[in-house]
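Quick notes on the structure that follows.
The values are calculated or read from the model by the stated rules, or taken from the named source; none is laboratory data. Note that the structure is a prediction, hence the values are computed from the model and not measured. Here the Cβ positions follow ideal geometry from the backbone for every residue, glycine too, while neighbour counts run over all protein chains shown.
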Amino acid sequence: MFKEKNLPKLIIYSPIIAVIFVTIFTIYLFINNQNEYFAEESARIEKEFNTKQKALIKNQLNTVISYITTQEQLYTNAAIEKVIKRTVLLSTQLNQLYKDLNSEVHSSLQEDILSNLINSKISNDNYFFAFDIAKNKLIQAKNKDIKREFKIDDKFFENYLFFEEGKLIQFEYSNKIVFIRYLPKLNWIIGNIENIQKDIDFIKKVSLSFISSIRFEQKGHFVVYDNNHVLLADAFRKDKIGQNQKDLSYNKEFPVQMIVDAALDSDAGSYVKSFWPKEKETKFSNKISYVQAFEKWNWILEAGLYVDDIQNSN
């Protein structure tokens, strides 16, 4: 029970107690606000870091796509240059030979001689042909069907008449390029066809080897599939190269199908989350990847980092 004699003590201690409570409450609010601030700041920093890492993954993949695009163009341009040079050289030889034969050889023999010059350059990967406009006659090697090759691509070389400077034609449904040229003196169209499949196969092999060797952010790496889910490159799954990975028995989510579909559904590429074991590990880890299709070769390229590796490096 409160007694009058305790009044002085109450007067003395009440302000002190009040100050203590206010101080404790203020400290509590400060600590709570600081904790919230640090939590928000940590979340913001982590979000910024993850955004930067995602951008890094995308940039790495874009660099690889730029590399293979450049390599493909270099080899294709080199093949185009060879086709043009061969055709120009053949046209010079034919014009000179026609000039020489015109005064010395009967016309009935001229075509045979000129045709032999064209067919003497035949090989499995590059070969010549000619089209005699006046006679509507095709001159070609016995084991070639030039007209069929053009029609497969809905291209008819009869429509490319009178290009004395020459015209480059690239087939859409095969790895062949053609350079044709009109020779007014003979009234012929001549052409050279080059099959660059061997060159493309070589570029692909070199590119896959290069892609497999690339690392970024220590454990970041690349994977390449084709449109049919066949694994083409993965430094961590070399034993699976050449195998169809669509329905992996140990992964019910079928991430390869998800990766391929995501790449094919977006022209610009897209981010994909999947669940994969790391190198030499059996447990699964979350992985963030950027995937994009390289349509010219029917490739699906993936650049990825494991989420815990990203967090550990933060």
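Structure notes:
- Residue within region 279-302 that is without any contact (Cβ under 8 Å) to a residue 12 or more places away in the chain, within 13 Å of the chain's Cα centre (by Cα) and at negative phi present: yes
- Strands (runs of 3 or more DSSP E) enclosed by region 109-212 - at least 1 residues per element that are closer than 20 Å to Leu94 by Cβ, in contact with a strand residue (DSSP E or B) (Cβ under 7 Å, 6 or more places away or on another chain) and among the small types (Gly, Ala, Ser): 126-132, 188-195
- Filter result (farther than 22 Å from Arg215 by Cβ and assigned to a strand (DSSP E or B)) within region 255-282: Ser270
- Some residue of region 125-145 being of a type in the set (Asp, Glu), modelled with pLDDT of 85 or more and within 19 Å of Ile80 (Cα to Cα): yes
- In region 221-240, the residues that are within 24 Å of Lys54 (Cα to Cα) form Cβ pairs under 9 Å with partners that are at pLDDT 90 or above and basic (Lys, Arg), at six or more places apart or across chains, as follows: Leu232/Lys204.
- Scanning region 120-133 turns up no residue that is over 30 Å from Asp100 (Cα atoms) and surrounded by 14 or more Cβ atoms within 10 Å (Cβ to Cβ).
- Leu101 vs. criteria buried (at least 16 other Cβ atoms within 10 Å of the Cβ), modelled with pLDDT under 90, on the phi < 0 side of the Ramachandran plot and touching a helix residue (DSSP H, G or I) at 6+ places or on another chain (Cβ under 8 Å): yes
- Glu217 passes every criterion in (1) touching a residue at least 60 places away in the same chain (Cβ under 8 Å); (2) farther than 30 Å from Asn126 by Cβ; (3) buried (at least 19 other Cβ atoms within 10 Å of the Cβ) apart from (3).
- Some residue of region 66-75 being part of a helix (DSSP H, G or I), farther than 28 Å from Lys205 by Cα, modelled with pLDDT of 60 or more and aromatic (Phe, Trp, Tyr): no
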